[in-house]
1. Which pairs do you get when a residue that is surrounded by fewer than 15 Cβ atoms within 10 Å (Cβ to Cβ), found in the stretch 25-50, comes within reach of a residue that is modelled with pLDDT of 75 or more and assigned to a helix (DSSP H, G or I), reach meaning Cβ atoms under 8 angstrom, with the pair 6+ apart or on two chains?
2. Which of the residues that make up the stretch 62-116 are surrounded by 14 or more Cβ atoms within 10 Å (Cβ to Cβ), touching a strand residue (DSSP E or B) at 6+ places or on another chain (Cβ under 8 Å) and either in a helix (DSSP H, G or I) or among the small types (G, A, S) (or both)?
Amino acid sequence: MAAATRGTFPAGVVPHADRGTQFTSQKLADHMRAVQGTVSMGRAGVCWDNAMAQSYWATLKTEYYDQRAFTTRNQVYTGVATWIEYFYNPRRIHTSLGGRSPIEYERHQAAWTTAA
């Protein structure tokens with residue numbers, strides 16, 4: 001999604017995931033190799049290795065998923081994608097990002113990097 005919305009895979013982005021099969025698949029490994037990306041993955045049984053990723057999934061579950069009822073998988077996929085792109089990334093404030101949304105933080109970092 002990050003690559004699709006920007007037209008290219010963002011430089012410096014490192015997707016962080018747990019050890020679920022979708023994140024350890026050959027398909028993802030091939031894709032990350034193709035875009036010259038790196039996946040960060042926590043060690044098995046070490047919860048603080050992926051604390052930020054776990055925080056994201058908890059937020060998704062409590063702020064979106066648990067608030068709705070779904071009848072099809074497509075509703076889940078479309079709804080989650082919409083929530084991420086129209087609420088979480090552009091508007092949801094994060095204290096760990098200095099009170100900015102992820103998009104505001106990314107723009108701030110890009111401007112700072114360009115100015116430096």
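1. Close Cβ pairs satisfying both conditions: T38/M32; V39/L28; V39/A29; V39/M32; C47/Q54.
2. Correct list: S101, P102, Y105.
Residue by residue, here is whether (1) among the aromatic types (F, W, Y); (2) at pLDDT 90 or above; (3) under 14 Å from the mean Cα position of the chain (by Cα) holds:
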position	(1), (2), (3)
I84	no, yes, yes
F87	yes, yes, yes
G98	no, yes, no
I103	no, no, yes
Q109	no, no, no
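The values are calculated or read from the model by the stated rules, or taken from the named source; none is laboratory data. If you're wondering where the values come from, they're calculated on a predicted model, not measured in any experiment. Note that we place each Cβ from the backbone using ideal geometry, even for glycine, and neighbour counts take in every protein chain shown.
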